[in-house]
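Here's the structure we're looking at; comments come further down.
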Amino acid sequence: MKLPSVSKTVFRLRRLSRRLWIRTTLIALLALISALTSRLFAPLLPDAIAENLGPGPVTRLLEILASSMLAVTTFSLSVMVSARRSASTQVTPRSYRLLLEDPTTQTVLATFLGAFVFALVSFVLVSTDYYAGASVGVILIFTLIVIALVVISMLRWIDHLTDLGSVAETSRRVEEAAARALDDRRRWPSLGAMRMETGDAAVPRGASVLRSPQTGYVQHVDLEALNEKAGPQGRVYIVAEAGSFVARGDPLCRHVGLPADADLHTAFTLGDARSYDQDPRFGIIVLGEIAQRALSPGVNDPGTAIDVITRLLRLFLPDRDVPESDEVLFPRVHLAVLSPSVLLRDAFGPIARDGASNVEVQVRLQKALQQLRRAGSPEMAAAARDEAERALAFAREALTLDADRERIAALAGRGEDPED
């Protein structure tokens, strides 16, 4: 069973594994090890290979592989940088992290660089007579395997380049990241902790305050560590959950039954940017930014905004049901449940404001909110009704034709489009 919250160590290791240089270094090391240990496999080859195969053909093959892989790696890196720049300028700067963490891009680049390292090291060793006899045959077999991997990676890379950095592909990646975080909150509304009501009344009077040692965003909260540090009698009430911005001295959590100077800071990971992992609001906000960019006068692409509305609707009304678990894994930690009104305001509020003068966007927005009113939970339905009224207020101020205003008003009131 997937746990609702990972430890701080696992969170950092997961972030580290998404770095481009990690995967590249690992494959390069494997290539280096295979080149250096080829002599160990030499006794396994038939004597005929050792007698008929010289270092000359293998050396030329390694030269070709090394020079071509250096050029391909340089080209691929330039393509990745261009895709990142395109995503930052045409979509939203908050999406580039997903492009950098793309597993296909990282694997392909790592394969190219690993092949270059293998060819370079093997060429040096063959040229210095480190390989002799059957050892040259072993390095030839390894070289053919590396070439096969490079060909497969090139085919994957060519297919991947068709969508890399595009608005549709970037939107899809943001949607997937937001869906993973939202599914976790559907299954575990409070991530395995005790549910806490919003507002100051939810925290007992006289509770001690743990304040932030720095300014930044809360990227991750280690609920298991907080539960262990609380002990049998302690209780921890999280004030700043993942995604919250805190200044130095702002409260991170409040606690009772623990010493006033309890060391709980290590359970909170703070950084200069928000993370998608434990923060479903971030993915929703980034999708909204994509729609905002599309609705700007310089881009004027209402079709992308309509596509984003569809993606947001799919997030709130997923194709598959996610069963909610009532199991409490961290009984000494209290965490508030995400409010549907906050999620819908993050998702549709900016689109309603920036697309107020576009009747096509307003129609699609009202229809999406109407679907949430019909198929969502009572809390979701109430939040969707509020957002529909807010979007209608923006449309009434921005639309110039009375017929368009009446059409949006009919959708906001009854959910029926008179022009359908």
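The figures follow:
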| item | result |
| --- | --- |
| Considering residues of the stretch 314-356 that are farther than 20 Å from ALA179 by Cβ and among the aliphatic types (A, V, I, L, M) only, the residue surrounded by the most Cβ atoms within 10 Å (Cβ to Cβ) | VAL333 |
| Hey, ASP250 in contact with a helix residue (DSSP H, G or I) (Cβ under 8 Å, 6 or more places away or on another chain), within 28 Å of ASP346 (Cβ to Cβ) and among the acidic types (Asp, Glu) or not | no |
| Residue within the stretch 288-303 that is over 16 Å from ARG353 (Cα atoms), modelled with pLDDT of 90 or more, out of contact with any strand residue (DSSP E or B) (no Cβ under 7 Å at 6 or more places or on another chain) and assigned by TED's automatic domain parsing to the domain that holds ASP346 present | yes |
| Subset of the stretch 198-237 (residues that are under 27 Å from the mean Cα position of the chain (by Cα) and of a type in the set (Val, Ile, Thr)) | THR215, VAL218, VAL221 |
| Failed condition for GLY243, given (1) within 20 Å of the chain's Cα centre (by Cα); (2) at negative phi; (3) without any contact (Cβ under 8 Å) to a residue 60 or more places away in the chain; (4) assigned to a loop (DSSP other than H, G, I, E, B) | (2) |
| Selected residue (only one of VAL342, VAL363, VAL328 is part of a helix (DSSP H, G or I) and closer than 30 Å to ALA230 by Cβ) | VAL342 |
| Residues that are under 20 Å from GLN90 (Cβ atoms) and more than 20 Å from the chain's Cα centre (by Cα), drawn from the stretch 156-197 | THR162 |
| Matching entry among ILE309, ILE408 (being touching a Leu at 6+ places or on another chain (Cβ under 7 Å), outside the structural domain of LEU258 (by TED's automatic domain parsing), surrounded by 14 or more Cβ atoms within 10 Å (Cβ to Cβ) and at pLDDT 95 or above) | ILE309 |
| Selection count, the stretch 181-203, where residues are surrounded by fewer than 14 Cβ atoms within 10 Å (Cβ to Cβ) and closer than 22 Å to LEU329 by Cβ | 3 |
| Given (1) more than 22 Å from the chain's Cα centre (by Cα); (2) buried (at least 22 other Cβ atoms within 10 Å of the Cβ), index of the condition ILE290 fails | (1) |
| Given (1) small (Gly, Ala, Ser); (2) outside any loop (DSSP other than H, G, I, E, B); (3) within 30 Å of LEU343 (Cα to Cα), index of the condition GLY165 fails | (2) |
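The values are calculated or read from the model by the stated rules, or taken from the named source; none is laboratory data. Computed from a predicted model, the values in this text were never measured in an experiment. Backbone-built Cβ (ideal geometry, glycine too); neighbour counts: all protein chains shown.
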